[in-house]
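What follows is calculated from the coordinates using simple rules that are stated; it is not laboratory data. If you're wondering where the values come from, they're calculated on a predicted model, not measured in any experiment. Backbone-built Cβ (ideal geometry, glycine too); neighbour counts: all protein chains shown.
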Amino acid sequence: MKYEVYTDVVALDDLSEFDFISNGKKGPIRKRVAFTATEMDNVYNLVLGDVGEDGEIDDLSVSDNGDRNKVLATVEDIVTSYTDRYPERWILFQGSTESRTRLYRMAIGLHLEELSVRFEICTFVEKQLVPFCKNMEVKGFVIKRKKA
């Protein structure tokens, strides 16, 4: 993605969590991207959300901080770093709401050619994993780093 990214990203040693600050019209908002194991071998769930006062991720909050593209570009940068370390892992993600999944679909579709250079980008259609195409109706994504 050809957008500015947040550069002050702090990650745990195992890269299971990345924190950064969204700076926008509503002031600084702490964001987190977390990768958690699923029941499937080598498949990890990606969660993005605001970090609450309790230190937990709130993936339903609506920040509306005016920096959506910068946040999404930062997430893409984080996924790149994560898959540099763990290229064999599949990353599963979807929006916490239908509108967020639609936002992710549009962002990926807009940058599909560029993203497809580095990642296999798939979705499920009738329980089958298929390559994602622009404007395809999806419920979520599964991506993996392409072999160099």
Next on the checklist: If ASP59 satisfies all but one of (1) over 22 Å from GLY27 (Cβ atoms); (2) surrounded by 14 or more Cβ atoms within 10 Å (Cβ to Cβ), what's the number of the condition it fails?
Outcome noted: (1)
Checklist entry - Does the range 40-61 contain at least one residue that is within 19 Å of PHE119 (Cα to Cα) and in contact with a Gly (Cβ under 8 Å, 6 or more places away or on another chain)? => result no
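Looking only at the range 81-107, count how many residues are part of a helix (DSSP H, G or I) and within 10 Å of the chain's Cα centre (by Cα). Please lay out each step first, then the result.
Pass one, the range 81-107, residues part of a helix (DSSP H, G or I): 81-85, 98-107.
Pick out the ones that are also within 10 Å of the chain's Cα centre (by Cα) and you get 104.
Going through the range 81-107 one residue at a time, the tally reaches 1.
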Checklist entry - Under 7 Å by Cβ, and 6 or more places apart or on different chains, what pairs join a residue from the range 50-71 that is closer than 13 Å to ARG32 by Cβ and touching a residue at least 40 places away in the same chain (Cβ under 8 Å) with one that is surrounded by 15 or more Cβ atoms within 10 Å (Cβ to Cβ) and not acidic (Asp, Glu)? => result SER63/SER22; SER63/ILE29; VAL71/SER22; VAL71/LYS31
